[in-house]
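The values are calculated or read from the model by the stated rules, or taken from the named source; none is laboratory data. Keep in mind that what you see is a predicted model, and the values were worked out from it rather than measured. Neighbour counts are summed over all protein chains in view; Cβ atoms, including those assigned to glycine, are modelled from backbone coordinates with ideal geometry. Surface accessibility is based on the protein's heavy atoms, side chains included, excluding ligands, DNA and RNA. Shrake-Rupley method; radii C 1.70, N 1.55, O 1.52, S 1.80 Å.
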Amino acid sequence: MTVQRIEVASSTGSYGVLVEQGSLSDLAGRIRGATRASRFLVVSDTRVGRLYGAGLAQQLGAPLLELPEGEQAKNLATLGELVDWLVEQGVERDHGVVAVGGGVVTDIAGFAAAVTLRGLHWVAVPTTLLGMVDAAIGGKTGVDLAAGKNLVGCFWPPELVLVDPEVLATLDRRQLRSGLMEVLKAAIISPFLLEDALDQRFVAMAGGELDGAAQLIEQAVRVKAEVVSADEREEGSRAAMNLGHTLGHALEAATGYRLFLHGEAVGWGLLAALRLARDRGFLATDEAMRWAARMQVLAPFPPVSQVSWDDVLAFLSRDKKRSGGVVRWVLPRPGGVALGVEVSEVEVAGVYRELQALPASGQFTSLF
Ligand SMILES: NC(=O)c1ccc[n+]([C@@H]2O[C@H](COP(=O)([O-])OP(=O)(O)OC[C@H]3O[C@@H](n4cnc5c(N)ncnc54)[C@H](O)[C@@H]3O)[C@@H](O)[C@H]2O)c1
Ligand SMILES: [Zn+2]
């Protein structure tokens, strides 16, 4: 069994992301070795707690709290319950939180670790593909408000991230594909690191075949690790990770976070970004089509024909990256991305109409 350790630089020192097949059954030693915490408390959700959280809590001799499942639970009320629980359990400054779950659990438990007693140790054990390659890495923690996603939070990097690709066997296929969209996004951002692994493993993984998944996950982790190491607080280059998210976030918000999984909304956003990049001459048509064809194995996702442009526009204009009538996009270009590209609402509206016109079983390449 090989362990891959990818280092992430952070203002508080560096930490490792360990990718190791089958490691979850024996993580206690690694967790104890990586942090100075004298005691641990495990936080999971009602689904993952039963599957993996309870076993890990037992290994660590730690108490376990299962949060309600899903994005609806990523709010201040749940945070309050979690902090109350930590305090009831007699938490002290040198104790550590171990978050076992998807991005919802690592975001909220990481935030609780940041604010309880002004800062506890914490370790992330992501159990969704999206968590492994994205949410658990980079130290962004927080919760949603009714007014929008991730509006309260802080940077509080974990001391260790433990990835066991074997846990993906129990993950719903649609969730797995949603995570693969972020892997595809990472490949567009850093084709040099990821394109080969993508072409070897992507199609099989989209079909639920997990043999060899570790290699693709490891390369996607390297992309995120490289990006956040260079710009932890998103003062510049970390914005690359927002590729596909300008439209993606607007679609999620416009549909009350119910119609699309995150990766599915990002998929539409990536298609729009590819089309805008082609129209602007950043990418040749055949190059844009190559990415669109790869994305096809993740289809179908819920169509955008049922989401009106007006609804989308209302949320696009609220996007944090917008200023003065134009929205700033991350657009693909050969070998990477261009940041802060100004795109007018009229131009986006035109591309959105094209997305809406794609037939349900249509080929994404027909967009170009
Ligand atoms: N902090 C960051 O930098 C960052 C980056 C990207 C996304 N995020 C956040 O991540 C969240 C989305 O994360 P997600 O997609 O992992 O969703 P999630 O945490 O809601 O998990 C999705 C579902 O899968 C279940 N699940 C998780 N692991 C499983 C497993 N191994 N087997 C069976 N079921 C399993 C969960 O119980 C849940 O029902 C969003 O809130 C988003 O804002 C954060
Ligand atoms: Zn994302």
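General remarks:
- GNM flexibility winner over the chain from 345, 166, 264 (Cα, springs under 10 Å): 345
- Cross-link pairs beyond the 18 Å C-alpha cut-off, checked among 74/224; 74/185; 149/185; 74/140: 74/224; 74/185; 149/185
- Based on C-alpha pairs under 8 angstrom that are at least 6 apart in sequence, the chain has a relative contact order of 14 percent.
- Cα gyration tensor, the chain - rounded (a/c under 1.5), prolate or oblate: prolate
- Of all accessible heavy-atom area on the range 3-122, the percent that carbon and sulfur account for (1.4 Å): 48 percent
- The range 21-81, relative contact order in percent, only Cα pairs under 8 angstrom and at least six apart counted: 33 percent
- Computed [θ] at 222 nm, helices only, for the chain once each DSSP H run of length n ≥ 4 contributes -39500 (n - 2.57): -13000 deg cm²/dmol
- Rounded FRET efficiency, nearest 0.05, which uses the C-beta distance separating residue 365 from residue 326 and R0 of 22 Å: 0.20
- Whether the range 223-273 is rounded, prolate or oblate, judged on the alpha carbon gyration tensor where a/c under 1.5 counts as rounded: prolate
- If you sort the three axes of the alpha carbon gyration tensor as a ≥ b ≥ c, you get a/c under 1.5 for the range 229-368, which makes it rounded.
- The orientation-averaged projected area of the convex hull spanned by the Cα atoms of the range 120-175 comes to 4.8 nm².
- Placed amide H near residue 152: partners under 5 Å, 5+ positions off or other chain: 143, 145
- Of all DSSP beta bridges confined to the chain, the antiparallel ones make up roughly 50%.
- Sequence-distant contacts, meaning Cα pairs under 8 Å at least 6 residues apart, place the relative contact order of the range 273-368 at 38 percent.
- Descending Cα extents along the principal axes, the range 54-183, whole Å: 39, 39, 24
- For the options 228, 343, 19, a Gaussian network treatment of the chain with springs between C-alpha atoms closer than 10 Å singles out 343 as fluctuating the most.
- Distances between placed amide hydrogens fall under 5 Å for residue 45 paired with 67, all partners being 5 or more residues away or on another chain.
- Accessible area (Å², per residue) of the range 248-342, counting only protein heavy atoms and a probe of 1.4 Å: 41 Å²
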